[in-house]
Amino acid sequence: MIFINKVLIFGPGQLQHLLIMIEVNFSEFRARLKKHLDDVENNNETLIIRRKEDRGVAILSMDDYNSIMETVHLLSSIRNTNRLYESINQLKNNQTVQGNLIDE
């Protein structure tokens, strides 16, 4: 049996992200292994494999995994986290400065 869960994440006034999670039982996953792994990789889907008595397993694409790990790294220190939020607020409040990267 296959379940498709869609999670909509909204930000200020707009849709920020649509997260699609496919949920299958272990028998379905084993029977269509290649198809499920191709879907995860090609469509950036998260695949949840449910097992009878266990909590289950999540499979995600390498791109999604790397993105999560980058976010964990960027937010790993409170100093860097605060700097990122400060920069986001400056951008939202049009407190930006433009400059040339290469002098001509």
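Can you go through Asn43, Asn93 and tell me which one is modelled with pLDDT of 90 or more and of a type outside the set (Phe, Trp, Tyr)?
Asn93
Which of the residues belonging to the stretch 71-85 are loosely packed, with under 10 Cβ neighbours inside 10 Å and either of a type in the set (Asp, Glu) or more than 30 Å from Ile22 (Cα to Cα) (or both)?
Correct list: Ile78, Arg79.
Take Arg32 and tell me if it is at pLDDT 90 or above and over 23 Å from the mean Cα position of the chain (by Cα). Break it down stepwise before answering.
Numbers: at pLDDT 90 or above: yes; over 23 Å from the mean Cα position of the chain (by Cα): yes.
In short, yes.
So Leu37 passes all but one of these: (1) modelled with pLDDT under 90; (2) among the aliphatic types (A, V, I, L, M); (3) part of a helix (DSSP H, G or I). Which condition number does it fail?
(1)
Name the one entry in Ile88, Ile68, Ile102 that is modelled with pLDDT under 90, under 19 Å from Ile22 (Cβ atoms), loosely packed, with under 12 Cβ neighbours inside 10 Å and not assigned by TED's automatic domain parsing to the domain that holds Glu23. Spell out the reasoning first.
Values: Ile88 fails: under 19 Å from Ile22 (Cβ atoms); Ile102 fails: under 19 Å from Ile22 (Cβ atoms).
Among Ile88, Ile68, Ile102, only Ile68 is modelled with pLDDT under 90, under 19 Å from Ile22 (Cβ atoms), loosely packed, with under 12 Cβ neighbours inside 10 Å and not assigned by TED's automatic domain parsing to the domain that holds Glu23.
The values are calculated or read from the model by the stated rules, or taken from the named source; none is laboratory data. Since we're looking at a predicted model, the values are computed, not measured. Every residue, glycine as well, gets a Cβ built from its backbone with ideal geometry; the counts of neighbours run over all protein chains shown.
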